[in-house]
Structure formats: C-alpha cells, structure tokens
Amino acid sequence: MSLSYSAARYSVRQDLEQAHQRLWASLSAPGTWLTSAERIEVASQARLARHDGTLERNSSILSQGLLEVAKVVGGNPKSINRIWFDEIVPKKLSVERYVEAVGVIARSVSVDVFSKGLGLSLPDFPEWQDGSPTMVRPATAKVDVGWVPMIPNGREGGQEAIKVFGGVNANVIRALSLVPDEVKGLLDLLEHQYIEDKKVTDPSYESNRGISRAQTELLAGRVSALNDCFY
C-alpha cells in the first residue's frame, strides 16, 4: 500500500501528498552507495532513535558506522560535531555512504513529523528491492567548506553543478551533492513543503498557500531555534 493521507482529519494538498509518496518510494530503490535494504533500515533506525534516544537495537543489515549515524542523526542531531564526525568518517564509514545516509534520514523525517502532526500513525516503510548501488561519484566534488566533499558552485562545478542544483546554491543544499540523487530528492520535497528552490532568495515571492511568506519564515526560524540548529 502506498503512503496516503486520506484518513487525516485535515485536507492535504495533492501535490504535497504526491511529493511524500515519491519520497517514500525512493527509499525502497537501490541508492548510489547504499542498498535498498540499507536505505530502509537507516530510516527505520533513525525513527526508533527519535522516539527513544537511548534505545538499543542491533541490526543485521547495517554496519556499526551506519547504525551510529542513524541513531545520532535521527535521534540527537544537536550533538553532532567535528569530533564525532571524525570518529565515524572514514574509520567506520566512507564519506559517500555517510552523506547518503544523512540524506535518507533528513528526507524521511519529514514524512514522520507530518504524519504525526496530522494525528496519523507513522507509515510503514516500503519493501526493499533487489539491485546494486550505482557508486557514481561526482568528478568535481571536493571539500571547500564544511566536512564533506561537495560539488563546487559556479564555473568550478560546471555542468555537474548546473545539473544537480542549478549552478549555484546554498551550502545546506550542496552538503548532499556528493550523492546527487539525494539533492534532487530534497529539492523536490522542499518545492512542495516550502517553496521552489529558485524563489527562496526572493523575499517578495508568495506561494499563495495557507500562510504568507513572512509567516512561513517565522515558523521556519522558530523551529530551527527550538531544534538548536547550528547551521
């Protein structure tokens, strides 16, 4: 059964529900560096960690490195720092697999939180699919800011930058660009949960949804503050 909000007490825009359905379906497909089973299990373990940060559950599917990323990024992201990162990457996990896991967690939590806000049970994860990761790494990716390699902005990123995130974009978007499919999935989600990526820097742009742009930004800022978002 595909993800559905038909049982919700409140009306959900069709485009938003469809975006969440695409997100959920993407979890079950083999990724760039993670198998389908690993992607689903990372999201599942992150969900468990959010509900009980002290929960211990062994996973025969995930390596110790992926399990630690799921528990910390999913359950206690404000504790993430460079010391923790350096203990994980590359000692326990390649940087490519780390970035994909972060992307999977960041996107899947949106569906969980949205479902909870609607008063619905958290949706079951999809069944995993056969197939192998593509293991294709962007040729231009390098560490220019932050901790992980990213496709550079502008001319240095070239066609890869244009294809993945429109040529120039914020670091918070580029942070997943070592795994381009995670950027594309994130931008698809943001377009329907927030606003189209090209309009983000235009403060006068109104999406003509239930609340104004100013109200949207106020809520976003408040949520970031409550979550101790260091970015």
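Rule-based calculations on the coordinates, nothing more; no lab input. Everything numeric in this text was worked out from a predicted model, so none of it was measured. Here the Cβ is made from the backbone with ideal geometry for all residues, glycine too, and neighbour counts use every protein chain on show.
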Problem - Residue count for segment 113-148, restricted to those that are touching a Pro at 6+ places or on another chain (Cβ under 8 Å) and closer than 24 Å to Phe230 by Cβ - result: 4
Exercise for the section: Could you list all residues from segment 215-231 that are surrounded by 10 or more Cβ atoms within 10 Å (Cβ to Cβ) and small (Gly, Ala, Ser)? Expected result: Ala220, Gly221, Ser224
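Please return the ranges of helices (runs of 4 or more DSSP H) entirely within segment 1-114 where 3 or more residues are of a type in the set (D, E, K, R). Step through it out loud before you land on a result.
Numbers: elements: 14-27, 36-51, 64-75, 82-88.
In segment 1-114, 14-27, 36-51, 82-88 are the helices (runs of 4 or more DSSP H) which contain 3 or more residues that are of a type in the set (D, E, K, R).
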Exercise for the section: May I ask you to verify whether Leu122 is in contact (Cβ under 8 Å) with a residue 40 or more places away in the chain, crowded, with 17+ Cβ neighbours inside 10 Å and under 28 Å from Ala46 (Cβ atoms)? Expected result: no
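Residues of segment 12-28 being touching a Phe, Trp or Tyr at 6+ places or on another chain (Cβ under 9 Å) and either farther than 17 Å from Leu189 by Cα or of a type in the set (A, V, I, L, M) (or both), which ones? So that I can check it myself, show each step before the final result.
Of the residues in segment 12-28, the ones touching a Phe, Trp or Tyr at 6+ places or on another chain (Cβ under 9 Å) are 12, 16-17, 20, 24, 27-28.
Val12, Leu16, Leu27, listed by residue number.
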Fill in the blank from the handout: In segment 59-80, residues that are surrounded by 20 or more Cβ atoms within 10 Å (Cβ to Cβ) and farther than 16 Å from Arg97 by Cα total 1
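Could we say that Pro149 is in contact (Cβ under 8 Å) with a residue 40 or more places away in the chain and touching a strand residue (DSSP E or B) at 6+ places or on another chain (Cβ under 9 Å) here? Quick ask: steps written out before the conclusion?
Details: in contact (Cβ under 8 Å) with a residue 40 or more places away in the chain: yes; touching a strand residue (DSSP E or B) at 6+ places or on another chain (Cβ under 9 Å): yes.
So Pro149 fits the description; yes.
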Completion exercise
Per the list (1) in contact with a Ser or Thr (Cβ under 6 Å, 6 or more places away or on another chain); (2) assigned to a loop (DSSP other than H, G, I, E, B), residue check on Gly119 breaks on (1)
